[in-house]
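In what follows, a structure is listed as structure tokens, so that the remarks can point back to it.
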Amino acid sequence: MSKKALYILMRARMKPNDRTNLSLSPIPLANATSQTQQQNSRQNGSPGEGNAVPDDSGNSEREFKRVRSSMHSAISMNKTEVLDDVLNNFSEGYFSLSHENRRKLLLVLAREYDLNRSQVRDLIKQYLGLEPPAGELLYGVGLGMRACVKIVGLADKTQVCDYEDESLFSPFYRIERNLRHALQPVYEVLFERLNTHPGGLRILSILREDILTILASTCFPEIEYNDSILPLHREENIASLRALDSYLKEKFVTWLSPAALELHQITWGDPASLLEKIVAYEAVHPISNLLDLKRRLGVGRRCFGYLHPAIPGEPLIFIEVALLKDVAQTIQEVLWDSPPIPESEATCALFYSISSTQHLDLLALCISLSISSPPDSLKKNNDGDSFISDMTFATLSPIPGFMSWLLSKLAVSQTLLVEGSNLSQSQADGSSSTFYENILKPEEEEALMSLSKDIASGKNGMDLMFNLLTSTSSKWIHSPELRSALKAPLMRLCARYLLKEKKRGKALDSVANFHLQNGAMVERINWMADRSQKGLSQSGGIMVNYVYSSSHSVLVLLVKLGNLTNMKGAMAVLVISLLDHIEEYAHSYFSNGEIQASSDLHHYVDEADTA
């Protein structure tokens, strides 16, 4: 290949294979693909257009019953029977089902293979009906043998009963054992058998992805404003399916223990099949071409993946890191500024992307990970010189929920304002009990309303802001005047969203919640940090820096709750000191929802409170 051809190839835009095909290989998906195409054809077609496809609902129903039968067999068969063929049939059959039939099957699994609650209730009644021989009992351990202590009255009057008396408690032990067994849902059998089956962990991860998709289904008609339908994201309340997901999530935490995972630095020299997965599953900042991929794996950059023996050659998660002089404020300088600085000059390890390939719970997985020391590639530069002692660990993170939250706020406030005006006009005394929140400060609204009507228009500041942010052309990005008018309110409202808006006492933003639970501090929000279409639609181009440490030490995201036995002397002291600091932040967030943030972030919020 000539140099010119190679150059063109390296710069050619990449279009990775479908993620589903990657994650399910080597399970054949031909049936699923053809079925999806037929369904799409039926949905897009209409009578009389000549593009109708024969109705295969009967085949679909037969396929559903066949997969349901194989699932039942996989659960009910004895251990001594041959399970591999049954599990293979279930796996292949499941992936041939339509999305609706997958949903039906998961609901069957959640509802019909749950607990036997009649048995649980009977056991509880039996347990409550037992009468201890001499009142309540305490059990303790002393000098290698268990003592049975009988309470005979006052707390200071106890006596140790004979060891033979323990036979009187056999009914308690028996019912407790039976109760533990009865509280295990029947679908646990399927999970455990799939986990030990070749390729089963991958299948389970896809099952959980489908469960989460159902639970996160979006409901509409709450808000309709300016001819725009704004979805209010509301999780579908299916208690049985939520219990199924919770149980499977706990299983993943057990199966993916730190001892079973291997940390691997991904480089340009790794197999093409592995690099293909990095391109396909990069969820934060898509990889555009081979030059982009090579840069992310080259000098001044690191990419780490966690591998599991059950899914060889495919990282469960991978983390991308940039070695920089300072904490970056825009993703453009991380991805495209060149050349990167010499690694010996780096003082900041910036985490700019964390992606999952198996649809697993990143927070549960990251918290459970522990390694004895930082990766060698982050302790030394390419020349072998140590530079971690002065390293700051930070992130440049997206704010995926900000824009949807803001647009909902704007739409709701405007709707209430209109309703309040109509109500006021219809009331004799002109009073109105309708409340709406004007989320703009007076000077911000004045700046927006002073804009030329050729640039933007609206009945008031919030209406004008809504129109600008929902414009399909995103013309405000290309206008210095519009950017200047929007910067102050968007930055202030973004700080409010990160620090004040909560759900069940925790940060409303999913990425913020992830980092705060790991002990990070919200350091800075950055204007126009991500000008991609995705960045603009998610957060108006704003990104946030979370800081884990401003001093020497360890790769915090990878050394959380680590085993320090292999560290020596001063290094171990530094690690313990840093982890204590991070644990303090994490504990305050877990216990009372307190968010650690810099004075700059608090200034945005405090300024709004005093306005």
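For segment 513-538, the set of residues classified as part of a helix (DSSP H, G or I) and in contact with a Phe, Trp or Tyr (Cβ under 8 Å, 6 or more places away or on another chain) consists of H515, L516, Q517, Q538, listed by residue number. Being surrounded by 11 or more Cβ atoms within 10 Å (Cβ to Cβ) and either at positive phi or not aromatic (F, W, Y) (or both) is the filter here, so list the residues in segment 118-129 that pass it. The answer is Q119, V120, R121, D122, L123, I124, Q126.
Considering (1) modelled with pLDDT under 85; (2) part of a helix (DSSP H, G or I); (3) small (G, A, S); (4) buried (at least 21 other Cβ atoms within 10 Å of the Cβ), the lone condition that G562 does not fulfil carries the number (2). Of all residue pairs spaced 6 or more apart or on separate chains, those with beta-carbon atoms under 6 Å, a first member in segment 280-291 that is within 10 Å of K534 (Cβ to Cβ) and a second member that is buried (at least 20 other Cβ atoms within 10 Å of the Cβ) are V284/S353; H285/S353. Tell me which residues, restricted to segment 311-326, are part of a loop (DSSP other than H, G, I, E, B), surrounded by fewer than 20 Cβ atoms within 10 Å (Cβ to Cβ) and either among the hydrophobic types (A, V, I, L, M, F, W, C) or free of Cβ contacts under 8 Å to residues at least 12 places away in the same chain (or both). If the condition is that a residue be part of a loop (DSSP other than H, G, I, E, B), surrounded by fewer than 20 Cβ atoms within 10 Å (Cβ to Cβ) and either among the hydrophobic types (A, V, I, L, M, F, W, C) or free of Cβ contacts under 8 Å to residues at least 12 places away in the same chain (or both), then P312 is the only one that fits.
Scanning segment 292-302 for residues that are of a type in the set (A, V, I, L, M, F, W, C) and under 18 Å from I341 (Cβ atoms) yields L297, V299. Reported count of residues in segment 255-273, each being under 21 Å from G200 (Cβ atoms), among the aliphatic types (A, V, I, L, M) and over 22 Å from the mean Cα position of the chain (by Cα), is 1.
Of all the numbered requirements in (1) without any contact (Cβ under 8 Å) to a residue 40 or more places away in the chain; (2) within 23 Å of T330 (Cβ to Cβ), L275 misses one, and that requirement is (2). A Cβ distance below 9 Å, combined with a sequence gap of six or more or placement on separate chains, defines the contacts here; from segment 112-126, residues that are more than 10 Å from L183 (Cα to Cα) reach residues that are among the polar types (S, T, N, Q) in the pairs L123/N178; Q126/N178.
In the set L109, L115, L138, L130, only one residue is of a type in the set (A, V, I, L, M) and at pLDDT below 80; that residue is L138.
Considering A272, A260, A280, which residue is in contact with a Leu (Cβ under 9 Å, 6 or more places away or on another chain) and among the small types (G, A, S)? Spell out how you get there, then give the answer.
On the way: A272 fails: in contact with a Leu (Cβ under 9 Å, 6 or more places away or on another chain); A260 fails: in contact with a Leu (Cβ under 9 Å, 6 or more places away or on another chain).
Checking each option against the conditions leaves just A280.
Tell me yes or no: at least one residue of segment 498-520 is in contact with a His (Cβ under 7 Å, 6 or more places away or on another chain), buried (at least 18 other Cβ atoms within 10 Å of the Cβ) and within 24 Å of D600 (Cα to Cα). So far as segment 498-520 goes, no, none of its residues is in contact with a His (Cβ under 7 Å, 6 or more places away or on another chain), buried (at least 18 other Cβ atoms within 10 Å of the Cβ) and within 24 Å of D600 (Cα to Cα).
The values are calculated or read from the model by the stated rules, or taken from the named source; none is laboratory data. Just so you know, these numbers come straight off a predicted model, no measurement behind them. Ideal geometry is used to build each Cβ from the backbone, glycine not excepted, and the neighbour counts take in all protein chains shown.
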